[in-house]
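J.: Below are the structure tokens for one structure; questions will follow.
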Amino acid sequence: MSEMRSLLRVCSDRPVDLADIDPRSTPGLPNKKVTGADTKLWARGEVDRIGDELATQQEMLFAQATVDPRLGRSVLLVLQAMDCGGKDGAVKRVAGAMNPLGLHIKAFGPPTEEERRHDFLWRIRKALPPVGYVGVFNRSHYEDVLVVRVNELVPEDVWRPRYQEINDFERQLVDAGTTVLKVMLHISRDEQRERLTARLDDPTKHWKFNPDDLDSRARWDDYQAAYAEALTRCDSDQAPWYVIPADRKWYRDWALAHLVRETFADLKLNYPEPDYDLAAQRRRLEADG
């Protein structure tokens with residue numbers, strides 16, 4: 001396993017305790033002053049540089065699937081976080097480096113009436129990325145063992161079996177050719193307060209403020225416990241969980257870019273070889289004048 005994934009992977013051989021992970025820490029960052037403006041500029045430059053690599057990798061993923069869909073693969077990035085955890089910003093900075101024509105981004109809110117009439121994975125299956133695409137879930141099927149659990153929307157004997165259902169579902173995805181990368185953006189309660197306050201102070205951000213976020217904030221400890229169990233119960237070598245300390249936005253983006261790049265590297269992608277005589281086609285074009 002590469003360095004960043006080794007540093008950020010949860011240890012599911014024992015119960016995960018998010019209190020053991022400092023949201024302001026910067027695992028894997030080279031020896032630099034992590035509080036200086038120069039470091040922020042450096043990290044942002046690195047995200048841009050890695051973004052160029054991600055764009056190339058995504059194009060190769062798409063090209064391979066276009067030439068031979070039977071051999072094509074897809075990638076699914078699952079992002080989870082507490083409110084104000086930075087999911088939108090991470091999508092913009094990291095996934096935004098890739099060609100939007102090859103992205104399949106879905107943000108999951110409360111289920112609709114139609115979605116409630118189906119199994120909790122029904123709407124998830126509908127949103128999976130096609131072969132050759134990079135999918136990004138902003139929230140996901142894990143809401144059904146997080147918000148559903150904390151707010152007691154269904155009885156425990158309904159939500160508790162979902163851990164195994166999720167594991168089975170993700171194993172099926174991997175077996176079918178989807179690489180699954182699951183990331184929790186871990187912020188502190190103090191940082192969440194600052195970000196919520198900033199939304200109230202900035203008229204251009206009022207639309208992002210949701211009074212329900214304060215209700216969720218009041219149950220912070222319950223959410224931390226729910227996240228910890230989900231991370232513990234649903235981590236696997238096929239669909240691993242990673243936790244990125246996310247109080248520092250520039251580190252969040254830097255770390256996520258590395259995780260996505262390392263995930264692509266495992267696929268060993270290349271541009272497909274042409275199935276036609278390249279020289280002959282060049283001669284035809286030259287003869288055309």
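J.: Being hydrophobic (A, V, I, L, M, F, W, C), touching a Pro at 6+ places or on another chain (Cβ under 8 Å) and part of a strand (DSSP E or B) is the filter here, so list the residues in the range 27-84 that pass it.
T.: Within the range 27-84, 75, 76 qualify.
J.: Here's a follow-up. List every residue pair whose Cβ atoms lie under 7 Å apart, where the two residues are 6 or more positions apart in sequence or sit on different chains, the first residue falls within the range 208-233 and is within 18 Å of residue 19 (Cβ to Cβ) and touching a residue at least 60 places away in the same chain (Cβ under 8 Å), and the second residue, located anywhere, is open to solvent by 30 Å² or more (accessible area, probe 1.4 Å) and not in a helix (DSSP H, G or I).
T.: 228/15; 228/17; 232/12; 232/15
J.: Mind telling me which of the residues 102, 89, 109 ends up being in contact with an Asp or Glu (Cβ under 8 Å, 6 or more places away or on another chain), surrounded by fewer than 22 Cβ atoms within 10 Å (Cβ to Cβ) and farther than 18 Å from residue 255 by Cβ?
T.: Being in contact with an Asp or Glu (Cβ under 8 Å, 6 or more places away or on another chain), surrounded by fewer than 22 Cβ atoms within 10 Å (Cβ to Cβ) and farther than 18 Å from residue 255 by Cβ holds for just one of 102, 89, 109, which is 102.
J.: With respect to residue 26, is the statement that it is among the polar types (S, T, N, Q) and either at pLDDT below 90 or surrounded by fewer than 16 Cβ atoms within 10 Å (Cβ to Cβ) (or both) true?
T.: For residue 26, the condition - among the polar types (S, T, N, Q) and either at pLDDT below 90 or surrounded by fewer than 16 Cβ atoms within 10 Å (Cβ to Cβ) (or both) - is not met.
J.: Find the helices (runs of 4 or more DSSP H) located wholly in the range 85-158 whose residues include 1 or more that are closer than 23 Å to residue 195 by Cβ and without any contact (Cβ under 8 Å) to a residue 12 or more places away in the chain, and list them.
T.: Hits in the range 85-158: 87-93.
J.: I want to confirm something. Restricting to the range 211-254 and keeping residues that are more than 19 Å from the chain's Cα centre (by Cα) and not in a helix (DSSP H, G or I), which single residue is farthest from residue 9 (Cα to Cα)?
T.: By that ranking, first place goes to 211.
J.: Quick one: count up the residues across the range 206-228 that are surrounded by 12 or more Cβ atoms within 10 Å (Cβ to Cβ), small (Gly, Ala, Ser) and out of contact with any helix residue (DSSP H, G or I) (no Cβ under 8 Å at 6 or more places or on another chain).
T.: The number of residues fulfilling the criteria is 1.
J.: Scan the range 136-177 for residues that are within 14 Å of residue 236 (Cα to Cα) and out of contact with any Asp or Glu (no Cβ under 9 Å at 6 or more places or on another chain) and jot them down.
T.: 164, 167, 168, 169, 170, 171, 172, 173, 174, 175
J.: Might you check whether a residue that is in a helix (DSSP H, G or I), of a type in the set (Val, Ile, Thr) and either more than 18 Å from residue 86 (Cα to Cα) or open to solvent by 60 Å² or more (accessible area, probe 1.4 Å) (or both) occurs anywhere in the range 180-196?
T.: No, every residue in the range 180-196 fails to be in a helix (DSSP H, G or I), of a type in the set (Val, Ile, Thr) and either more than 18 Å from residue 86 (Cα to Cα) or open to solvent by 60 Å² or more (accessible area, probe 1.4 Å) (or both).
J.: Could you list, in sequence order, all residues of the range 255-289 that are closer than 30 Å to residue 26 by Cβ and either without any contact (Cβ under 8 Å) to a residue 60 or more places away in the chain or more than 13 Å from the chain's Cα centre (by Cα) (or both)?
T.: Residues satisfying the conditions are 262, 264, 265, 266, 267, 268, 269.
J.: Let me ask something else. Here is a list: 132, 177. Which entry is over 16 Å from the mean Cα position of the chain (by Cα), crowded, with 17+ Cβ neighbours inside 10 Å and under 27 Å from residue 68 (Cβ atoms)?
T.: Being over 16 Å from the mean Cα position of the chain (by Cα), crowded, with 17+ Cβ neighbours inside 10 Å and under 27 Å from residue 68 (Cβ atoms) holds for just one of 132, 177, which is 132.
J.: Just for the range 3-32: of the residues that are more than 19 Å from the chain's Cα centre (by Cα) and among the basic types (Lys, Arg), which one is farthest from residue 243 (Cα to Cα)?
T.: Here the answer is 32.
The values are calculated or read from the model by the stated rules, or taken from the named source; none is laboratory data. Given the structure is predicted, the values throughout are model-derived calculations rather than measurements. With ideal geometry, Cβ positions are generated from the backbone for all residues, glycine too; neighbour counts draw on all protein chains shown. For the accessible areas, the whole protein counts, side chains as well, though only heavy atoms, and no ligand, DNA or RNA atoms are used. Shrake-Rupley method; radii C 1.70, N 1.55, O 1.52, S 1.80 Å.
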